[in-house]
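Notes for the one structure printed next.
Readers should treat all values here as calculations from the given coordinates under stated rules, not as data from a laboratory. Please read all numbers here as calculations on a predicted model, not as lab measurements. Reconstructed Cβ throughout: ideal geometry from the backbone, glycine too, with neighbour counts over all protein chains shown.
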Amino acid sequence: MDALKKRILQDGKCFEGGILKVDSFINHQMDPMLMHQIAQEFVNRFKGVKINKIVTIEASGIAPAIMVGFIMQLPVVFVKKKQPKTMENMLTTTVHSFTKDRDYTVCISNNFLTAEDHVLFVDDFLANGNASLGMIDLIKQAGATLSGMGFVIEKAFQNGGKILREKGVHVESLAIIEDLSNCEIKIR
Ligand code: 5GP
């Protein structure tokens, strides 16, 4: 997606350890016009796929996910990083955070992720795939079906994309970063 790639090259910043900072248009300040284009691109790429629900993980996945849900006119559910005492029929799984380098338990209510659901998972980044594997576990626990996974940015020098595609998951990434070494952003 050209507009996104251009924006990453223009405003993205490299950090130690293969981290790309896009906090001026995705992760902190957000650009809703670009986010709308991103969502439309996901809608085009998953056209014809059976989907009745968009699922993401808080916090940075929520913006692209709700735009996709708005265009597709479908409900959006976000996996929570803190377990509310009041959540009914809670499903949980453990995810290792790439950016924070720690494990945490995430949860979703079985009321909103059910055996009837055909899920499109949307997230900001695909790195080692830990968040996605956690999502796959939650989908399995719920008896739901995974229809596809859409990432705004995939870092191809990490393993997540390979792991998910080898599992047969329909993965669509709108910008694929080949390399971030020497603080130079190389996009496919
Ligand atoms: P994974 O679970 O695939 O290893 O990492 C995905 C999650 O880690 C994303 O939801 C995102 O929040 C965070 N993440 C991974 N790599 C980066 C990065 O280079 N930059 C930013 N801003 N977040 C990242």
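Couple of notes before you dig in:
- Charge dipole of the stretch 60-188 about the Cα centre (unit charges at C-beta), most positive-ward option of SER97, LEU174, VAL152: SER97
- Projected onto its three principal axes, the C-alpha set of the stretch 71-125 covers 35, 28, 16 Å, listed from the longest axis down.
- Legend note: in the chain, cysteines whose Cβ sits 4.7 Å or more from every other cysteine Cβ are CYS107.
- Summed over qualifying helices (DSSP H, 4 residues or more, each -39500 (n - 2.57)) and divided by its residue number, the chain shows a 222 nm mean residue ellipticity of -9000 deg cm²/dmol.
- Its residues counted as N, the chain yields a C-alpha radius of gyration over 2.2 N^0.38 Å of 0.98.
- When the trypsin sites (Lys or Arg not before Pro) in the stretch 81-132 are filtered for DSSP coil states and for at most 15 other beta-carbon atoms within 10 Å of their beta-carbon, the remaining sites are LYS81, LYS82, LYS85, LYS100.
- Cα gyration tensor, the stretch 29-71 - rounded (a/c under 1.5), prolate or oblate: oblate
- For the pair GLU16 and GLU184, the difference between a 0.36 nm per residue extended length and the Cα-Cα distance amounts to 59.3 nm.
- Here the contact order of the chain, divided by its residue count and restricted to Cα pairs under 8 Å and six or more residues apart, works out to 19 percent.
- Full-extension gain in nm, LEU74 to LYS47, via 0.36 nm per residue minus C-alpha separation: 8.3 nm
- Total charge dipole magnitude, the chain, about the Cα centre, Cβ charges on Lys, Arg, Asp, Glu only, Debye to nearest 20: 140 debye
- Pairs of Lys residues in the stretch 55-188, spaced 8 or more positions apart or belonging to different chains, with C-alpha separations under 21 angstrom: 12 in total.
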